[in-house]
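Asker: One structure, pasted below without further comment.
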Amino acid sequence: MNIGIVCYPTFGGSGVVATELGKALAFKGHQIHFISYQQPVKLDLYNNNLFYHEVKVSDYPLFDYQPYELVLTSKLVDVVKFEKLDLLHVHYAIPHASAAYMAQHILEKEGIRIPFITTLHGTDITLVGKDASFEPVITFAINESNAVTAVSESLKQDTYQHFKVTRDIQVIPNFVCLEHYQMLGNVDDLRKSFSPNGEHVMVHTSNFREVKRVQDVIKIFDIVRKQIPTTLILVGDGPERHKMEELCRKLHACDSIKFLGKVRDTERILAASDLFVLPSESESFGLAALEAMAAKVPVISTNTGGLPEVNIHGVSGYLSNVGDVDDMAKNALSILKNEASLAKFKKGAYQQAQQFDIHKILPMYEALYKSLVK
Ligand code: GMT
């Protein structure tokens, strides 16, 4: 099949899922055309079935706000026609779903049929999308998509709750490629650099936005390190970073905390760690938690949104109420308290990650594509 994938190119989970999906489909022989305003961070074009089409954003001085949705629409029309695409798959509803709808109708006038699938990822529904400034357009574009998927049951229910959506939404969960994690090789040197004196290694990766409650990561760590020698590795960057740095200083914890900044391949860092912490306010799925579990790292997380579908309480880690740092620290300590407990949770985390292996999830997308392409 000849498939166009529209996504954000940045480090966010939706862009990563879209990119990994496209790469896996290309490996299976489909021709995959990525359409975005920048080459997605995880996209390399070594496979001959992978293509990238850049949306050129106008810099005409009249516009205080550049009309990205319009240039994206024009690019979709162009790529569908020139590359003879069979299908568009847009990740993150805003503004990709309405751009795809418009492109579909422009092409219809020229006698070209192009179905489109919208995959809902999270904040497009739970934070940004339900805002009154977006809601009617998002409702319309979801209802008019030829198929809609959500990355968790929780996100599907949130969509029905916040939007006047009447159509079916299929849950296709996010995935990881476990083979990739099995091929990471030895991470002893990295582990040694994180933990020169044999400390436990706690890790968090995110875009450091408010919704991630990153200061709770540091608060949890501060309780844990007072009982068990531990270091904290923080991967990512974002608007909350300054507040995090301030908190590290206030708690006199800077010597035990390392900020690594944005990292393209987090797998080796995860594999060199003992415990992943995700205290988010809201999380439609929690891809970062699944990636940790794929690297055999148990997860301490909140019980919000889709997290209970990913992290199983008492098996792959523990769930707590949002903001309950004492409970999350207590759970962290109970996992780290001895080798046997850590080993049990590592095993549980990996077994749970197997439910989301790409080989189980990819066929769901392929079946959906086939049902739409006549
Ligand atoms: O978590 C983010 O801030 C990024 C965001 C995105 O859309 O790129 O992530 C959302 O999509 C991910 C992939 O489907 C999910 O794993 C995340 O849970 C979801 N984030 C939120 O719901 C806050």
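The values are calculated or read from the model by the stated rules, or taken from the named source; none is laboratory data. Predicted model, so just to flag it, every value in this text is computed and none were measured. Cβ: placed from backbone, ideal geometry, glycine included. Neighbour counts: every protein chain shown. Keep in mind that these areas ignore ligands, DNA and RNA; they rest on the heavy atoms of the full protein, side chains included. Shrake-Rupley method; radii C 1.70, N 1.55, O 1.52, S 1.80 Å.
Asker: Excluding residues fewer than 8 places away in the same chain, name every one of the lysines whose C-alpha is closer than 30 Å to that of Lys75.
Answerer: The reachable lysines, counting only those whose Cα sits under 30 Å from Lys75, are Lys23, Lys28, Lys42, Lys56, Lys84, Lys109, Lys130, Lys156, Lys164, Lys262, Lys370, Lys374.
Asker: Would you compute, from DSSP H runs of 4+ residues alone, the mean residue ellipticity of the chain at 222 nm, taking -39500 (n - 2.57) per run and dividing by the full residue count, rounded to the nearest 500?
Answerer: Rounded to the nearest 500, the figure is -13000 deg cm²/dmol.
Asker: Kyte-Doolittle mean at least 0.0 and Cα extent at least 18 Å along the axis: which DSSP H helices of the chain qualify?
Answerer: Once both thresholds are applied, what remains is 13-27, 68-83, 93-109, 358-372.
Asker: Gln38 versus Met1, label points 7 Å from Cα toward the beta carbon: distance in nm?
Answerer: For the pair Gln38/Met1, the computed spacing is 2.9 nm.
Asker: Which ³J(HN,Hα) values, rounded to whole Hz and listed in residue order, are derived for the stretch 305-313 from phi using the Karplus coefficients 6.51, -1.76 and 1.60 in 6.51 cos²θ - 1.76 cosθ + 1.60 with θ = phi - 60°, glycine and proline given as x?
Answerer: Karplus values, whole Hz, x for Gly and Pro: x, x, 4, x, 7, 9, 9, 9, 4.
Asker: Any chance you could run the full-extension gain for His162 through Lys330? It's 0.36 nm times the residue separation minus the Cα-Cα distance, nm to one decimal.
Answerer: 57.0 nm
Asker: Could you name the lysines whose alpha carbon sits less than 16 Å from that of Lys250, not counting residues in the same chain fewer than 8 places away?
Answerer: Lys219, Lys226, Lys258
Asker: Under a point spin-label approximation (7 Å from Cα along Cα-to-Cβ), what is the Glu366-Glu199 distance to one decimal in nm?
Answerer: If labels sit at Glu366 and Glu199, their model points lie 4.6 nm apart.
Asker: Which lysines, if any, have their Cα less than 23 Å from the Cα of Lys344, not counting same-chain residues under 8 positions apart?
Answerer: Within the straight-line limit of under 23 Å, Lys344 reaches these lysines: Lys192, Lys296, Lys330.
Asker: Oh, and also: Accessible area per residue, 1.4 Å probe, Å², for the stretch 178-354: what's the number?
Answerer: 43
Asker: Rounded, prolate or oblate: which one fits the stretch 293-374, using the alpha carbon gyration tensor with axes a ≥ b ≥ c (rounded when a/c is under 1.5, else prolate when a/b beats b/c, else oblate)?
Answerer: Here the stretch 293-374 falls in the oblate category.
Asker: Does the stretch 178-354 come out rounded, prolate or oblate, given a ≥ b ≥ c as the square roots of the eigenvalues of its C-alpha gyration tensor, rounded meaning a/c under 1.5 and, failing that, prolate meaning a/b above b/c?
Answerer: Rounded shape, in that the Cα axes give a/c under 1.5.
Asker: Gain in length, His359 to Gln227, computed as 0.36 nm per residue apart minus the alpha-carbon separation, to one decimal in nm?
Answerer: 43.4 nm
Asker: I need the per residue convex hull volume for the chain, using only the alpha carbons, in cubic angstrom as a whole number.
Answerer: 144
Asker: Moving to a separate point now. Taking springs between alpha-carbon atoms closer than 10 angstrom, which of Val148, Val297, Val79 fluctuates most in the Gaussian network model of the chain?
Answerer: Val79
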